[in-house]
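To start, the structure under review is shown below, and the notes come after it.
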Amino acid sequence: WSAVLATAACLIHFVLGPAVGGLADALGRRRVLLVCSVLELLPAWGIFIHVFTGLSLYAVFFLTIFADIPSQAVFLAICADIVPPAERAAAFGTILATAQVAGLA
């Protein structure tokens, strides 16, 4: 099943990436980042509810889709807005390295 989930994650990034970017440009990066971050918490809440109330594992499996919302690009766009051009490369590297070490990339 891990191959199926990895394929689904790639497809979600491929389809939703431009949409999330367009929404971030139209509605504001911080607002879109907040919504994406809340949606990314749904799988954790699904597991919590499954453990304590017996929510179906199919529902938990469905909620894992929300863990793959492509919000990292919004983080980088906010960084590009805040950080001066001379320091952007170091800031991008720090963000991406932190995400990689934390297991978020």
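The values are calculated or read from the model by the stated rules, or taken from the named source; none is laboratory data. Note that this is a predicted model, so its numbers are computed, not measured. Cβ atoms come from the backbone with ideal geometry, glycine included; neighbour counts cover every protein chain shown. Side chains are part of the model used for accessible areas, which takes the heavy atoms of the whole protein and leaves out ligands, DNA and RNA. Shrake-Rupley method; radii C 1.70, N 1.55, O 1.52, S 1.80 Å.
Residues checked against (1) open to solvent by less than 50 Å² (accessible area, probe 1.4 Å); (2) under 19 Å from Asp25 (Cβ atoms); (3) touching a residue at least 40 places away in the same chain (Cβ under 8 Å); (4) part of a helix (DSSP H, G or I):
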{"residue": "Thr64", "(1), (2), (3), (4)": "yes, no, yes, yes"}
{"residue": "Glu87", "(1), (2), (3), (4)": "no, no, no, yes"}
{"residue": "Phe92", "(1), (2), (3), (4)": "no, yes, no, yes"}
{"residue": "Leu96", "(1), (2), (3), (4)": "no, no, no, yes"}
Tally up the residues in region 25-43 that are within 13 Å of the chain's Cα centre (by Cα) and not acidic (Asp, Glu), please.
11
Within 23 Å of Thr98 (Cα to Cα) and either open to solvent by 70 Å² or more (accessible area, probe 1.4 Å) or in contact with a strand residue (DSSP E or B) (Cβ under 6 Å, 6 or more places away or on another chain) (or both) - does that describe any residue in region 38-46?
yes
